[in-house]
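What follows is a set of notes on a single structure, which appears directly below.
Here, each number is a calculation from the coordinates, and none is a lab measurement. Model, not experiment: these values are computed from the prediction. Methodologically, a virtual Cβ is constructed for each residue, glycine included, from the backbone with ideal geometry; neighbour enumeration extends over all protein chains shown.
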Amino acid sequence: MTKPPYPNRLLGRGSWTETRRIADILRQETVGGTLLIAGAVIALVWANSPWSGAYDALREVRIGPAALHLDLSLATWAADGLLAIFFFVAGLELKREFVAGDLRDPRKAALPIAAAVGGMVAPAIFYTAINLGSEREGVLAGWAIPSATDIAFALAVLAVVSTHLPAALRIFLLTLAVVDDLLAIVVIAIFYTSELSVVPLLLTLVPLALFGFLVQKRVRHWWLLIPLAVVTWVLMHESGVHATVAGVLLAFTVPVRRRDGGEGKGLAEHFEHRIRPVSAGFAVPVFAFFSAGVTVGGLSGLGTALSDSIAVGIMVGLVVGKAIGICGATWLVQRFTRAELNPELGWPDVLGLSLLGGIGFTVSLLIAELAFGAGSEADEVAKVGILTGTLLAALVATVLLRLRNRRYRLIWEEEQIDANRDDIPDVYQRPSADG
């Protein structure tokens, strides 16, 4: 059958199977985002209460075997250990998208990749430009802080807004954030590894290869896989490379497709289904609790922190840089390819999505600790900038999406499931730009 002669369209609807799968993921992430916000709010309130000393003492409680250099504080365990689970799930989702999802088509993958790169480069440029003349030592090390997008937080905002955001934009937001996380972990591995121990790094390949061999054989026994994953994490931690990189590497070894090539869940989707609740419901909220508790020191202290060039650079990067970077990359893809924006969407929709991309939290807090040192003055200022910039981006995005809410509702109503026997909306059965 000949494909209809429609031009390739940006932010297309995608397949019904993929849209339904993404919708299930979004519902889970929304719950996780709500828990994340709750953890951050509790930490902020506690850290600025008369009992702030108890919060600081809790963060510094040390547990773990000293012989393996793992007698770490609870805050460090949250950043290095729990976030490895988060990045494992992100790695599974990324591989799933590019191997078996709609993004296995290079034409569809190009846009979110370009947008993620633009959404990382532009905030870094704004931060660097604002802090270029600063005499404070090490201030430019925070260039990557405003580059990350927190998908759980962004989707939680969508749930609060109660908008009928088109499925195409929802899929794009999820994919953008996953690619964004991958780029962030690459940046962490390359630019925030101060001391590299080659022997532990090479030894990491042994348990990683064993893990990969077992999952390729479709072995699911937790008593085999979890110890190998833990050993991989420990060796990565010993090497000096941030231990969360181990989560991504382990995820990339997991096969996506079934061994028999049939339809149904592959091992990657099986693991993702099992581990995502642990990541979204426990790992990320606990990390937020231990990382977001910055002591503001009243309105005067807040004003001082917000006027600091570090905080200003982060806020401008998150709110302005992300919007310009994502929108600009999308426009460039349209300008220099034969693609057109999906006729159901408008550029205000893309702008709203770009502003949601400015909701940086989890990975931004992690990079701030790596750049300036956990608990340092610069780290505290950076956290204020992250929290404020995230709040501003969320508020502006909410206003814009509220204005677009009527349009979203009309689109949503058109895409509702009709009374047909196959239970697939008719809109997914019409000829499209994707054939």
Ordered by number, the trypsin sites (Lys or Arg not before Pro) in the range 309-375 that occupy a DSSP loop and have at most 14 other Cβ atoms within 10 Å are ARG338
So, by mean Cβ neighbours within 10 angstrom, what's the order for 312-320, 239-247, 211-219 with the highest one leading? 312-320, 239-247, 211-219
ALA43 neighbourhood, Cβ < 15 Å, K/R = +1, D/E = -1, net charge -3
Sequence order, the range 121-138: Karplus ³J(HN,Hα) from phi using 6.51 cos²θ - 1.76 cosθ + 1.60, θ = phi - 60°, Hz rounded, Gly and Pro as x, gives 5, 4, x, 5, 5, 4, 4, 5, 4, 6, 9, 4, x, 6, 8, 5, 6, x
Ordering of 108-121, 125-138 by burial proxy (mean other Cβ atoms within 10 Å per residue, highest first): 108-121, 125-138
Here P(r) for the range 309-399, Cα-Cα distances in 5 Å bins, as whole percents, is 3, 15, 21, 19, 14, 11, 8, 5, 3, 1
GLY360's amide H: which non-local residues (gap 5+, or another chain) put their own amide H closer than 5 Å, with H modeled 1.01 Å from N in plane and none for Pro or chain starts? ASP150, THR390
Note on the range 201-330: alpha-carbon gyration tensor, axes a ≥ b ≥ c; rule is a/c under 1.5 for rounded, else prolate if a/b larger than b/c, else oblate; result prolate
So which lysines can LYS95 reach, going by Cα to Cα under 16 Å and dropping same-chain residues fewer than 8 places off? LYS108, LYS265
Of the peptides 93-100, 287-294, how do they stack up when ordered by the mean number of other Cβ atoms within 10 Å, highest first? 287-294, 93-100
Taking neighbour counts of Cβ atoms within 10 Å as a proxy for exposure, in what order, fewest first, do TRP51, TRP77 appear? TRP51, TRP77
Exposure proxy order (Cβ contacts within 10 Å, fewest to most) of VAL230, VAL89, VAL284: VAL230, VAL89, VAL284
